[in-house]
Amino acid sequence: MLTSADGVLAGLRRGSLVVDMSSISPVATERLARLVSDRGGSMLDAPVSGGEIGAVSGTLSIMVGGEAASFDRARPILEAMGNREKIVHIGKSGAGQVCKVCNQIAIGGALAGVSEALALARKAGVDAGRVRSALLGGFAASRVLEVHGERMLTGNYKPGFRTKLYQKDLRLASEAAAAHNVAIPGTAIVTQLVNSLVAKGGADLDYAALATVLFGMAGIS
């Protein structure tokens, strides 16, 4: 914790660099960065994407907010965890967190789209595995279709990224959108699908299990 009685701020030395790699509110991040600055330090918000696979392999995508000089200082540490080409300085404090919620918004649309496509293929009596293979060769190709499409076909929802964490990120996305008066109706629908999955006991499944909600709505086991 940064602000608790025995937290980071309590022992912060002038010139220290704080790198927060959690996914939290962009507004809260800006407030924390100011507190660090008031103590003579600097702070980067550096949320990640890539899930358990990226963490284990050291190929995470890292989106960073904060001062450019602090970013340059932290780069060797970040490169130990992420792919050099995927470590991007987005902008001012909070910009990394904004980028992360944008990432989760984009993934949500893709998860829902892939789920619906596979549901339709299955309900129409078409081999959904072959449909996925064909789609991977065209403009519909994506990492979501490649990785999570495979999960949806095999029913393997062992968590790489738990649904309850994605639910939290969607809440942050909604809060950020509201703060900037941006309509995100597609994400609102995805949020309800995720809420339904959690209500059915799927909080600790991989978030690709969102497909099970849409499969159920289509009458597919």
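Results, tabulated for the structure shown:
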| quantity | calculated |
| --- | --- |
| Matching option when the condition is among the small types (Gly, Ala, Ser), within 21 Å of Ala46 (Cα to Cα) and outside the structural domain of Leu35 (by TED's automatic domain parsing), among Ala106, Ala110 | Ala106 |
| Flag if Lys86 is surrounded by 15 or more Cβ atoms within 10 Å (Cβ to Cβ), among the basic types (Lys, Arg) and under 16 Å from Phe161 (Cβ atoms) | no |
| Candidates Leu193, Leu197, Leu214, Leu153 - the one that is within 17 Å of the chain's Cα centre (by Cα) and surrounded by 14 or more Cβ atoms within 10 Å (Cβ to Cβ) | Leu193 |
| Any hit, the range 191-208, residues being in contact with a strand residue (DSSP E or B) (Cβ under 8 Å, 6 or more places away or on another chain) and small (Gly, Ala, Ser) | yes |
| Residue, nearest to Val101 (Cα to Cα), within the range 52-81, restricted to residues that are among the acidic types (Asp, Glu) and in a helix (DSSP H, G or I) | Glu52 |
| Scope the range 9-51; condition in a loop (DSSP other than H, G, I, E, B) and of a type in the set (Ser, Thr, Tyr); matching residues | Ser16, Ser22, Ser23, Ser25 |
| Criterion: farther than 30 Å from Val27 by Cβ, assigned by TED's automatic domain parsing to the domain that holds Ser25 and out of contact with any helix residue (DSSP H, G or I) (no Cβ under 8 Å at 6 or more places or on another chain) - qualifying residue of Val126, Val56 | Val56 |
| Selection from the range 10-32 of residues that are within 28 Å of the chain's Cα centre (by Cα) and under 16 Å from Ser42 (Cβ atoms) | Ser16, Leu17, Val18, Val19, Asp20, Met21, Thr29, Glu30, Arg31, Leu32 |
| Selected residue (criterion: modelled with the highest pLDDT) from residues of the range 14-24 that are closer than 30 Å to Tyr157 by Cβ and crowded, with 19+ Cβ neighbours inside 10 Å | Asp20 |
| Any pair with Cβ under 7 angstrom, 6 or more apart, that starts in the range 67-81 at a residue that is in contact (Cβ under 8 Å) with a residue 24 or more places away in the chain and within 19 Å of Ala33 (Cα to Cα) and ends at one that is of a type in the set (Ser, Thr, Tyr) and not in a helix (DSSP H, G or I) | Glu67/Ser42; Ser70/Ser42 |
| Selected residue (only one of Gly91, Gly66 is closer than 30 Å to Ala179 by Cβ and in contact with an Asp or Glu (Cβ under 8 Å, 6 or more places away or on another chain)) | Gly66 |
| Every residue from the range 109-150 that is farther than 20 Å from Ala209 by Cβ, of a type outside the set (Val, Ile, Thr) and part of a loop (DSSP other than H, G, I, E, B) | Ala124, Gly125, Asp127, Leu136, Gly137, Gly138, Phe139, Ala140, Ala141 |
| Residue tally, condition within 16 Å of the chain's Cα centre (by Cα) and loosely packed, with under 14 Cβ neighbours inside 10 Å, over the range 47-75 | 2 |
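So that you can scan it fast, the table gives a plain yes or no per residue for (1) under 23 Å from Tyr207 (Cβ atoms); (2) modelled with pLDDT of 95 or more; (3) touching a strand residue (DSSP E or B) at 6+ places or on another chain (Cβ under 7 Å); (4) not polar (S, T, N, Q):
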{"residue": "Leu12", "(1), (2), (3), (4)": "no, no, no, yes"}
{"residue": "Pro26", "(1), (2), (3), (4)": "yes, no, no, yes"}
{"residue": "Ser37", "(1), (2), (3), (4)": "no, no, no, no"}
{"residue": "Thr59", "(1), (2), (3), (4)": "yes, no, yes, no"}
{"residue": "Glu67", "(1), (2), (3), (4)": "no, yes, yes, yes"}
{"residue": "Ala74", "(1), (2), (3), (4)": "no, yes, yes, yes"}
{"residue": "Arg84", "(1), (2), (3), (4)": "no, no, no, yes"}
{"residue": "Cys102", "(1), (2), (3), (4)": "yes, yes, no, yes"}
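The values are calculated or read from the model by the stated rules, or taken from the named source; none is laboratory data. Computed from a predicted model, the values in this text were never measured in an experiment. Counting neighbours? That spans all protein chains shown, and the Cβs are built from the backbone with ideal geometry, glycine included.
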